[in-house]
Structures are given as C-alpha cells and as structure tokens.
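The values are calculated or read from the model by the stated rules, or taken from the named source; none is laboratory data. Keep in mind the model is a prediction, meaning the values are calculated, not measured. Here the Cβ is made from the backbone with ideal geometry for all residues, glycine too, and neighbour counts use every protein chain on show. Keep in mind that these areas ignore ligands, DNA and RNA; they rest on the heavy atoms of the full protein, side chains included. Shrake-Rupley method; radii C 1.70, N 1.55, O 1.52, S 1.80 Å.
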Amino acid sequence: MELGISIYPGHSDKEKDAAYLELAAKYGCKHVFTCLLSVEGNREEIINNFRDAIALAHKYGMEVILDTAPSVFQDLGVTYDDLSFFQELGADGIRLDECFDSHKEAMMTYNPQGLTIEINAGFGDRYVDNIMCHHPKKDKLSTCFNFYPQRYTAISYDYYRKCCENIKAAGLPISVFINSQVPDSFGPWPVNDGMPTLEMHRDLPADVAARHLFADGMVDTVIFANCYASEEEFRQVTAADPQVLSFKVEKEAELWETEQKILFEASHFVRGDMSEYMARSTQPRVIYASGSIPPKNTRDMVPGDVVILNDSYARYKGELHIILKEMPNDGRKNVIGHIPENERILMKYLQPWRTFRFING
C-alpha cells in the first residue's frame, strides 16, 4: 500500500510545492499526481512550469503521473504512438482521463520511453476487459479513479466495488483519491467542495477515509487529491497499518489500568464463531486474567459501543466486545466508550478472524 499526493503547477506557488514534496517524502509518499487538463500554454511553457517540480519529486524517490486526455494530446501535438513529450517533462507515466478506443491504450503500453499508462478506473462497462483483449504490456498498465470537486457527484461505494472487482480480476493496480480537510485547499479547478473519489468520503477526516479504503482491501495507492494536506493528516494516515482494521474510540470514563492495557496493548481478532450481537476479542481474558476490572459505566449497550467484561463475569473477565446490536447490560460489562459516528462504516469489516486494533491518541 502506497500513499500519494497531488500538486498543480500553474495554479500554485513553486516554493510551497517544494515544501509540500519535502513533507510528503518525510511520511513515505511514493506517488505524485498532477494535471495537464487545466493548464494553459504551449509546450515550452508547460515544460517550464512542471519540470522542476517533477525533478524534485524524483529526488525524493517519487513517481510522477500526468493527467491527460485526447484533447491534451491534440493541443500539444502529441500522438498515441509518440509520447516523447511526456518524457521531456520527466514524467514516469500518464493517466488517460478519457478513453481512446481500447486498442490505442494497449498499444501505448509499448511506448519506447517506458512510461506507465494509467487508465480511468471508473469507466466500467468492460473498458478494462476491452483493453486487455488487445494484449497490453501489463506491467506498464495501471488504473486510477477520478476525483470529484462538485458535491454529490462522486461515485457510490457499490459502483466503486464493482469497478474494483473487474480491475482486480485483470490483475491491475488501483489508485483512489481522498480529500484533505484543510480549509482553502485547492485542486486544478476553481471549485472547493472537496475532491474525493467516493462521495461518502467527502466530509470525512482523511485518515478515516484512508482506513476505510485499507479495510476494503481493493486499493493499492491512496492519493491526497487536493493540496496542501496538513502534517497532522499525513501523520494520522501513515500511523494506520493498512493490513489491520483500526478504530478510534471516544472514551466515556477514565479507564482502569487493566482496561487501558486491554484496549491499546492487547492483540485483538474477532472470534471465529461470531455472534450477531458483538465482535468478541477473547484473548485478553487469558492475558489479563490477574488484572482487576471493577464495574463502571454499566449502561445498556448500543451498536458501536466498546465493552470490557468486568470482575463480575468470572472466567470471561477481560474480554473485549464491539457491540453490533442493541442489548441490555446486567452490570457485568463496562462500556468504556464507543466508536465515533464517522467511523461506523468500518464496523462492516468486523468479520470472523479479522485482526483489529484501537488507535491511542
């Protein structure tokens, strides 16, 4: 799993772009997206605008993909069988925001410059299958969804999954955009309603959107679409292990020492014989059997609650539950807190044997 950023030379300040690339490199970013669709000027002006930023990205070990379309090819005098202009810019690949005829996309993967050809992952309708029928050079073909600056126009989760399943069946990598929530962030167009791939992510914190994509398991690269994401957003996104389902928890009371250890230090996985009422993590009851967990905050339980069984529950003391269905509390379960409302989308991934953890801080 890789993290990426976007920069928009021609719409931004070179010094700020340089500082942003340095920050992104600090947090291990490997991918830079930038856009030629909104850029004005001739070939020489575009080269002057983009070449320094691309060279700096390469200095930090990042690959750079340029967003293009047939109209860009026409304006710049580029043809699908001569992509040398993009090599002049220093790009590692080009993204085709619009389609050609499937055969041309396949033929472009054989370009002598070695550029990666990235197709629009959201076209559906067997677009990927049509390209694969023309025998592309597969190691030079990848996919990337759109971002959507206009509110309510981004794609649904169901459509996203449908596209991803088709792409994964073809064995191609997938990139998806998330949205920085920094005020006054911007993209290539004069609209600032956020720039996610999925509409459900538009108003979510960046790390929640990223953890949702990680949990879903389809994406290979997550890219900040707008700039400039904050260092705190980078910190939170990169703090999450993409292989482990992770939640924040809003605590309702001070935790006992044993509860603190169970919540943040124990290894959690969902018990295989999963109940419809809860996801059970049972190993903590073994590891912390000698710890004390006096009863506290034993209210009735609702979906999203995080519960640890207290001293009154004999051999089950120390189990941790994430509640999936409303149920009464007989006083033997401490409700230590709940999963934030905007993270409830992650609960669907609590499946038998799934490893999960809680984020401390």
Exercise. What's the number of the condition residue 101 fails, among (1) open to solvent by 50 Å² or more (accessible area, probe 1.4 Å); (2) modelled with pLDDT of 95 or more?
Worked result: (2)
Exercise. Is one or more of the residues making up the range 4-13 touching a His at 6+ places or on another chain (Cβ under 6 Å), in contact (Cβ under 8 Å) with a residue 60 or more places away in the chain and in a strand (DSSP E or B)?
Worked result: yes
Exercise. Is it true that some residue in the range 19-28 is more than 20 Å from residue 98 (Cβ to Cβ) and more than 23 Å from the chain's Cα centre (by Cα)?
Worked result: no
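Results for (1) open to solvent by less than 10 Å² (accessible area, probe 1.4 Å); (2) at negative phi; (3) under 19 Å from the mean Cα position of the chain (by Cα), shown as yes or no for each residue.
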residue: 124; (1), (2), (3): no, no, no
residue: 134; (1), (2), (3): no, yes, no
residue: 138; (1), (2), (3): no, yes, no
residue: 148; (1), (2), (3): no, yes, yes
residue: 156; (1), (2), (3): no, yes, yes
residue: 159; (1), (2), (3): no, yes, yes
residue: 162; (1), (2), (3): no, yes, yes
Exercise. How many residues does the range 118-142 hold that are out of contact with any strand residue (DSSP E or B) (no Cβ under 7 Å at 6 or more places or on another chain), among the acidic types (Asp, Glu) and closer than 23 Å to residue 32 by Cβ?
Worked result: 1
Exercise. Does residue 47 count as surrounded by 15 or more Cβ atoms within 10 Å (Cβ to Cβ), among the aliphatic types (A, V, I, L, M), touching a helix residue (DSSP H, G or I) at 6+ places or on another chain (Cβ under 8 Å) and modelled with pLDDT under 90?
Worked result: yes
